[in-house]
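I have placed the structure first, in the form of structure tokens, so that the comments after it can refer back to it.
The values are calculated or read from the model by the stated rules, or taken from the named source; none is laboratory data. Computed from a predicted structure; not experimentally measured. No Cβ is skipped: glycine too gets one built from the backbone with ideal geometry, and neighbour counts run over all protein chains shown. All accessible areas refer to the heavy atoms of the entire protein, side chains included, with ligands and DNA or RNA removed. Shrake-Rupley method; radii C 1.70, N 1.55, O 1.52, S 1.80 Å.
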Amino acid sequence: GGGDRQKGGTIIIRGGIINATAGVQAGNDGGAGIGGGYLNGAISIIISGGTVTATSAHCGAGIGSGRQGACGYIEISGGTVTANGNGYSAGIGIGYQAGSSGTIVISGGVVKVPSKSSIGIGGGKVNIQITGGTVSATGASYGIGGSGGSIVISGGRVTAASTTASTSTAIGGSSTAVKISGGTVKATGKYQGIGRASSGTAGTVTI
């Protein structure tokens, strides 16, 4: 994707075995494993097949933006995807201090985000839609969610967890609307399973 202060453009992955690891940068100036560089985001990332493993530099997203960049549009419809964010970032979504919007759509495949980052899937005002597939996401603050965005789950098998005892939520976030209308959902949070984190305004939860 993009280098330092560069956007990621459009990235399409349809198959193969792909291992993408961002290089180490000084301080917290991290880029994404697949996506944007430091201070910039990813415009469009589409994954429909293959075995994909993406690991960010510190404070960049595994798949999405580098530090302080918008995640853009991310779509996963097939394949096996493992995304590792590092530091205060998302596995899939935005990097540290981004605070901006984007869209993540998961309709198929096997998507795994281990507990190496602050957020499993999402961050900021990202809108997340899960309609199918098998999704497992763990984060320190949010398993799936952010602050001010939305989460819509209508299908698939979704497992989300958060690990920070006093502040975290598995699915949701401050001022985040959550709507679950189908699928199988398991949410295990140290603080909340589904809802807001310990600080901030609660959003609307509809099941």
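Miscellaneous remarks
- With Cα atoms defining each centre, region 12-83 and region 159-207 are spaced 24 Å apart in the structure.
- Of 163, 80, 184, the one that fluctuates the most in a GNM where the chain has Cα springs shorter than 10 Å: 184
- Pairs of Cα atoms nearer than 8 Å and 6+ residues apart set the relative contact order; for the chain it is 13 percent.
- Ligands, DNA and RNA left out, the 1.4 Å accessible surface of the chain is 47% carbon and sulfur atoms.
- Spin-label pair residue 101-residue 177: with each label point 7 Å from Cα along the Cα-Cβ axis, the two points sit 1.2 nm from one another.
- Maximal additional length on extending the residue 201-residue 165 stretch stands at 11.1 nm, based on 0.36 nm per residue less the C-alpha distance.
- Mean projected area (nm²) of the alpha-carbon convex hull when the chain is viewed from all directions: 8.8
- Springs join every pair of Cα atoms under 10 Å in this Gaussian network model of the chain, and among 16, 64, 123 the largest mean-square fluctuation is at 16.
- Taking 7 Å steps out from each Cα toward its Cβ at residue 131 and residue 188 produces label points 3.0 nm apart.
- Note on residue 46/residue 5: beta-carbon distance plugged into 1/(1 + (r/R0)^6) with R0 of 25 Å gives a FRET efficiency of 0.60.
- Residue among 23, 66, 155 with the largest mean-square fluctuation in a Gaussian network model of the chain, springs linking Cα atoms under 10 Å: 23
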